[in-house]
Amino acid sequence: MNRRTFPVALVSLIAAFASETELRAQGGLDQAVPVAPFLNGRLPSSLSGPSSGNWTFTEAFPLLRFIDPVQILPVPFSSRLLVVEKPGRIVVFEDDPGTAASRTLLDFSDQVSSLEDSGLLGAVFHPDFGRESSPNRHDLFLYYRYTPDTSDKDRAYLRLSRFTWDPTADTIDPESEFILIQQYDRNNWHNGGGLAFGPEGFLYLTLGDEGGIYDNLGSAQQINRGFFSGVIRIDVTGIPGRSHPIRRQPLDPAVPPTGWPSSFSRGYWIPDDNPWQSPEGELLEEFWAIGLRSPYRMTLDPASGQFWIGDVGQYSREEINLLSRGANYQWPFLEGDRPTPNPRPQDLIGTEMPPLYQYPREEGGCIIGGFVYRGRLHPDLAGAYLYADWNLGAVRALVRDEESHWLSKHLVTLPRHGTPPRNGISGFGTNGDGEIFLLSLAGTNLAGGRIYRLARESSTGQDPPALLSETGAFADLETLEVAPGLIPYEPIQSLWSDGAEKRRWIAIPNDGTPNTPSERITYSQSNEWIFPVGTVLVKHFELEAKRLETRFLVRGSDGEWFGFTYRWNEDQLDAVLLPGEVPVVSIESIGGESVEWRFPS
């Protein structure tokens, strides 16, 4: 059963198994039996062939390591890449897999609060960076959490600042910092950090809700107090005729500690077409949209001019949103399409905007927003929005089907390395050609962070065992007694198979105490279920007591399913793996009728 013909078989077997919300009881097991992936390694993790075509990953710069990398972006008019390190460092290096040296441009970690969600979170070059005729040719904008007192674990300031990159010394002087926004913040979670210039040259920044549970600090759904829970849009150049000076200063959400300064904004103008203009200075006109919880990443698709936002949920939903002028993304009264304990505001600001796509916590938690792919190496990903899930390490692609419905496809799982619990996939980036990088942390403030590329597997995989008796699925073929760990199941409504009787078993990889996410079936009421890698489904067919075939479906190392089948010998003592050709046999039933039986390859 090759990958082109397999989806039909997958639908016929899995749909009956997983589209219902309950299965008819067959006893199950008294306790979990340890089963390693792929039936204790007896089955292949991918099928043989000229090339599997499966997604995988490779280290992009195997000779380099980073301290909590959260962003990577190309340096304009150069062959270098810039990496943002969460503790408060900026490093650059050549975009070359063999590069072994990086240069630290800026280290101001002594004033950066980098606990948990905090840190240096975003960087973006001015659109005129590198253009000799522009006064902004050396400008780089950073967004980070600044602390006047590193002993205070919660309170700090959210800062948006402009820095100058000195091309002569090839460094960024910390003294060149010009603070545009300094917002007092009482919680080190939900800081936002998506930072990008739009096609019109204005700077956009995503802001979190100041942390807490269900906006318990009361900072969301407001545009007259502080810079929280939304997206702001500002003109850092200040061009008359399209923008005007700041009319209102942000407020502190509470009284800062003694000796700490108040919140402020300066050094930019407000675009005249921002949605909430306030000539009397009653509102913070910077807001472009509101109602976001923890929008860690926002990126621009240059082909469409559209901004994509990954918004981390609380208990029930992870969201992907498209940025829209005057939009209200409904937090904290809705989480995705699920109501929260918070009531809908009586005087709602803006236009309610549901997520473009959402997924439940059963399918992961803590979305890591990515990019719309516009590179050349992987044409089958063109136009797909690539994103990840922190909890599972899963890298996914959001695409449209033929009916324009949004579907999420699993590409690859990025394994964790380093020291838990703050280790794992942290973000995406691109080089100058639009090719995608994946960033991974080794643990909070620890060296060892890595950068990966998406790639296609070049290995040829393996063939399944030649005989059914060699698969390890059955302890006794004569009685069809299955090996320990295979669990019988039966769908509520079985598909018709020319009158054949069928038996089914499933093996879920586990160590005997199945209690981790990698050992669970992820249930979904509306989408397909997600099974652990190495899961094996077995389906056996008999017609009037004659054994015909035994099929296997395996969730491979790439997260995709593949299948193969064994045809029983005439002596009914064993079954032989069928090759690529699809045989058709004629079987005479007891009633004298001839049944044409088709085997999948």
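The values are calculated or read from the model by the stated rules, or taken from the named source; none is laboratory data. Model, not experiment: these values are computed from the prediction. Quick reminder, even Gly has a Cβ in these numbers, built from the backbone with ideal geometry, and neighbours come from all protein chains shown. These area figures cover heavy atoms from the full protein model, side chains too; ligands, DNA and RNA do not enter into them. Shrake-Rupley method; radii C 1.70, N 1.55, O 1.52, S 1.80 Å.
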Mind listing whichever residues of region 164-222 are over 21 Å from GLU286 (Cα atoms), touching a Ser or Thr at 6+ places or on another chain (Cβ under 7 Å) and among the aromatic types (Phe, Trp, Tyr)?
TYR214
Please tell me if ASP337 is open to solvent by less than 20 Å² (accessible area, probe 1.4 Å), under 18 Å from TYR214 (Cβ atoms) and in contact (Cβ under 8 Å) with a residue 12 or more places away in the chain.
no
Tell me the residue from THR258, THR171 that is within 22 Å of GLN111 (Cβ to Cβ) and without any contact (Cβ under 8 Å) to a residue 24 or more places away in the chain, please.
THR258
Filter region 200-230 down to the residues that are under 24 Å from the mean Cα position of the chain (by Cα) and among the polar types (S, T, N, Q), then identify the one that is nearest to ILE368 (Cα to Cα).
THR206
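Here's the yes/no breakdown for (1) free of Cβ contacts under 8 Å to residues at least 12 places away in the same chain; (2) in contact with a Pro (Cβ under 8 Å, 6 or more places away or on another chain); (3) open to solvent by less than 10 Å² (accessible area, probe 1.4 Å):
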{"site": "ASN527", "(1), (2), (3)": "no, no, no"}
{"site": "PHE531", "(1), (2), (3)": "no, no, yes"}
{"site": "GLY534", "(1), (2), (3)": "no, yes, yes"}
{"site": "GLU542", "(1), (2), (3)": "no, no, no"}
{"site": "PHE552", "(1), (2), (3)": "no, yes, yes"}
{"site": "TRP561", "(1), (2), (3)": "no, no, no"}
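Name the one entry in ALA475, ALA483 that is without any contact (Cβ under 8 Å) to a residue 24 or more places away in the chain, in contact with a strand residue (DSSP E or B) (Cβ under 7 Å, 6 or more places away or on another chain) and not charged (D, E, K, R). Explain how you work it out, then say what you get.
Numbers: ALA483 fails: without any contact (Cβ under 8 Å) to a residue 24 or more places away in the chain.
Criteria check complete, one pass: ALA475.
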Anything in region 284-308 that is surrounded by fewer than 19 Cβ atoms within 10 Å (Cβ to Cβ) and part of a loop (DSSP other than H, G, I, E, B)? List them, or say none.
PRO302, ALA303, SER304, GLY305
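Is it the case, given these coordinates, that LYS546 is of a type in the set (Lys, Arg) and open to solvent by less than 60 Å² (accessible area, probe 1.4 Å)?
On the way: of a type in the set (Lys, Arg): yes; open to solvent by less than 60 Å² (accessible area, probe 1.4 Å): no.
Judged against the criteria, LYS546 is not a match.
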Among residues of region 459-490, those that are assigned to a loop (DSSP other than H, G, I, E, B), of a type in the set (Asp, Glu) and open to solvent by 70 Å² or more (accessible area, probe 1.4 Å), counted
2
Filtering region 199-221 down to residues that are among the aliphatic types (A, V, I, L, M) and either within 17 Å of PHE333 (Cα to Cα) or at pLDDT below 95 (or both) yields ILE213, LEU217, ALA220
Only one of ASP272, ASP235, ASP209 is within 23 Å of LEU195 (Cβ to Cβ), in contact with a strand residue (DSSP E or B) (Cβ under 7 Å, 6 or more places away or on another chain), of a type in the set (Asp, Glu) and open to solvent by less than 30 Å² (accessible area, probe 1.4 Å); which?
ASP235
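Every residue, every condition in (1) open to solvent by less than 40 Å² (accessible area, probe 1.4 Å); (2) of a type outside the set (A, V, I, L, M); (3) farther than 14 Å from ARG155 by Cβ, yes or no:
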site: ASP215; (1), (2), (3): yes, yes, yes
site: ALA220; (1), (2), (3): yes, no, yes
site: PHE227; (1), (2), (3): yes, yes, yes
site: PRO240; (1), (2), (3): no, yes, yes
site: HIS244; (1), (2), (3): yes, yes, yes
site: ARG248; (1), (2), (3): no, yes, yes
site: ASP252; (1), (2), (3): no, yes, no
site: PRO256; (1), (2), (3): yes, yes, no
